Every structure is written in structure tokens, then in C-alpha cells.
Amino acid sequence: MGVDLRQVVAGVLTLTMFVMLGNMIKRDHFDSVEGKFPGARDVEFDSEKVSEQGLVTFSKKSTNGPWVEGGLELKPCWKESNFDDVESKGFVTFSLTNGPEYHVSQIADAVVVARYIGATLVLPDIRGNKPGDERKFEEIYDVEKFVKSLVGVVKVVKGLPEDVSIRDFAVVKVPNRVSEDHIAEQIEPVFRTNSNVRLATFFPSVNMRKTTKTSASDPVACLAMFGTLELQPEVNEVVDSMIERLRTLSRKSDGRFIAVDLRVEILDKKGCHGSSATGTKSCFNAQEIAIFLRKIGFGKDTTIYLTQPRWDESLDVLKDIFPKTYTKESILPADKKAKFLESEDSEFEKVIDFYMCSQSDVFVPAISGLFYANVAGKRIASGKTQILVPADIPGTSSSVTNHFSPYISKKNHLAHSCFC
């Protein structure tokens, strides 16, 4: 008779939880563990211990896990009234690529460049990974909100005039979080010569930490990154319905749920597990996430949303331990699946995942990278600060306060420079 590995793992975890509960009765605190989760270069993926007093307030409503009460939604530090009108001379075009975690950064860079050189910004299209995979901006984002938010900052048009050809545009590369010095030295001279430029943003590093250096373009970048993009009504309605579905399934947790960014195809890539110079991990698989969540105190009735596009058998061990684990295919409204799930284009799925992770009660980034960094930025702005970084925890338990993202515990995310 064969042995089911999942049953063995589940049995061991059950025994572990009984031991943990016994230890908790004996003492009034969890074991202190310093878990590490370094990820891609420049990403704040080390977990950080925080004081249980002051930074976090644990919920008194639920006993089904270490849920933390959400903080107050922060107010933007920038003021639109401080922006002086700039006369437009020529055009700046660009495309949004690689998913919503890149879109917010690409928008910020384009707006900063257009304002600095005094150009009109052309509404971008959205391009997928496959040739010819293109969508209009309004298919995903709210055009009216975007244009209105930039009034007085840069002029925005939906398309080029008939007498202006895109073939005549000079293509310039723009590093993410472009500086005014770079614009003055590398982009403005090209614009003055050609009158029109097309931007191609690249990411030399995944760095969303705030810096001590300040510049006149900082308020513009903050507005562009955090105050311009909203989902168009139909997409927003889909996200809201999925969140409502998860909250309905989470009655024992007072409607709370965890979103985990875990995608099997990335886990399978070379270098995902401990191949960096320090020998540390840049991502965690389903079994490791399950063990982590149980050891920090989340119960088996916890509801979990995964960003994995379709169910994969490697996720079964997570569902065995947390039966209420779902991917979008099981909670997306049936009448929306043809458009948002069953099409060959995955752009809608990426957008859904980004906003689900931004609005969940807890976010667990199982993978390092820009998705984690920019989801963290949106969560900081809205006061949803329970971002937990996984770790291999020795022993039977660890306090959830040992595993807060440094973006929260150290307040070193760029968003903390933009919101007060």
C-alpha cells in the first residue's frame, strides 16, 4: 500500500500544532525567530521583527489567526495646486508592458519626463508578452480618472494628430525612477532635436526604497505613481465580486483572507531556491508557505487566494492544510470567465491578481520582485500594512511580528515619501 506524502505532511503539521499550543500554554510569548527572505537585488525581502506595541494592533474579533487591524488610509503629501502649468511642445509616447506591477512605474517615469521637457503625453497602449498582443488603455484603466488627475501637471491626449507620424519619433531608453539629471543629459537634447520622443523604460534594479535625495520632480512622480491609475468599471466590478466571494467564504475569520503571490512557473525557474551568492532563497513553494502560515498561527479555516493562474497539483499540499485555498478560476463570476479567464491574453489575470493582493487583509509575497514591491506601495497608501515575508522557521512556532516586511517595519518604501 503506497503512502500519500500529503497525508504524512498534514499529520506532521497537526502534531506540530498540538505541540505549539502546549508550549503557548506554558509561556505567554512565541519563540523569537529571525527568518530571512532575501530576494531580487534591491528588493526588501528580509523579514523584520517589530514591536507588538505601537506598530501593530491585533484584532480582538477573531481567534482564527494573528490578524492585524488595518491602519488609517494615508493622505498624499503632494498638492496639485503647487503644480504650475507647462506649455506643451511636441509629444511623448510610450507603452505599458509586463503587467500592472510595471505599469505604475512606467506611468510615473513617463509623466516625470513629459513634464520636465514640456511635452504632451499620449495615452499609452498596453502590450503583452506575445507579438501583436495589444490592448487599449481604456480596456483596463479608467481614462477619465487618468486625464483628470494630471490636469495642470501634463497635457494628455488620446492619440497623435493626423499630421504627426510615429515613425518620426526618436526612441530613448529611460531607467526606472529616472532622475532630472538623466533627463537633462540624455533625453531633453534628443527631444529638442526631434520634437517628439518615444520612451522605453527599463529596470536596472528592482528598487522601491525611499532615498534621502530629493528633487523638484518628486511630487510629480508621487502623483503619477499613486494618484492616476484606477481600474475601469467592469474590471473593478470583477475584482470587487471576487473579494466579496472570499469574504463570504471567510465567516470564521470575520471575512478576512490572505493573498499569496505564488506562481508555479516562476518557482520552476532556475535559481529560485537558494542559488544566490548568499545561499538564501528568493521564493517559497506551496508546502513551505503552508508550514510558514501554520507556524505563525493561522488556523486551518483561513481563506487563501493564490495568484497562480490555474490549479496545479503542486498546490495540493497547501489545500490539504488550508482547505479554503482558491485560484481565480474557482471564484471568478461564471459570466466573466470567457473574457477574463479563458482568453489567450493574460493581461486581465495579471491586473486581477495585482489588485486582489493590494486589497486583501494579509499579503504574503512568496516571490521576490517588482510585484511585491509595488503591491506594498499600494497597501501602504491604503493603510493595509500586514505584509508578511515568509521564512523557514526552526522549531514549532514564531510570532507574526517577526515577519513583517521591512517596507512596513522600517518605513523605507518610496510610498512613505509620498504619503503623510
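The values are calculated or read from the model by the stated rules, or taken from the named source; none is laboratory data. Being a predicted model, the structure only gives us computed values, none of them experimental. Don't worry about glycine lacking a Cβ; one is built from the backbone with ideal geometry, like all the others, and counts go over all protein chains shown. Calculation scope for accessible area: heavy atoms of the full protein, side chains included, ligands and nucleic acids excluded. Shrake-Rupley method; radii C 1.70, N 1.55, O 1.52, S 1.80 Å.
A few notes on this one:
- Of the residues screened, T325 is not one that is within 19 Å of R251 (Cα to Cα), surrounded by 20 or more Cβ atoms within 10 Å (Cβ to Cβ) and touching a residue at least 60 places away in the same chain (Cβ under 8 Å).
- Taking (1) under 20 Å from I117 (Cβ atoms); (2) touching a Leu at 6+ places or on another chain (Cβ under 8 Å); (3) in contact (Cβ under 8 Å) with a residue 60 or more places away in the chain in turn, S195 satisfies each apart from (2).
- Every residue from the stretch 161-182 that is assigned to a loop (DSSP other than H, G, I, E, B), open to solvent by 60 Å² or more (accessible area, probe 1.4 Å) and over 25 Å from G99 (Cα atoms): E162, D163
- The number of residues in the stretch 364-420 that are within 21 Å of I304 (Cα to Cα), among the aromatic types (F, W, Y) and surrounded by 23 or more Cβ atoms within 10 Å (Cβ to Cβ) comes to 2.
- When each of G54, G70 is tested for being touching a helix residue (DSSP H, G or I) at 6+ places or on another chain (Cβ under 9 Å), farther than 30 Å from T193 by Cβ, part of a loop (DSSP other than H, G, I, E, B) and modelled with pLDDT under 80, the lone residue that passes is G70.
- Residues in the stretch 183-211 that are assigned to a helix (DSSP H, G or I) and either among the small types (G, A, S) or open to solvent by 70 Å² or more (accessible area, probe 1.4 Å) (or both): A184, E185, Q186, R192, T193.
- Residue match in the stretch 239-249 (condition: aliphatic (A, V, I, L, M) and free of Cβ contacts under 8 Å to residues at least 24 places away in the same chain): no
- The stretch 132-150, subset of a type outside the set (D, E) and without any contact (Cβ under 8 Å) to a residue 60 or more places away in the chain, residue farthest from L223 (Cα to Cα): G132
- Check on S358, crowded, with 22+ Cβ neighbours inside 10 Å and among the small types (G, A, S): no
- Residues being part of a strand (DSSP E or B) and at pLDDT 95 or above - total across the stretch 337-380: 4
- Filter pass, V157 being more than 24 Å from the chain's Cα centre (by Cα), of a type outside the set (S, T, Y), closer than 23 Å to C222 by Cα and surrounded by fewer than 16 Cβ atoms within 10 Å (Cβ to Cβ): yes
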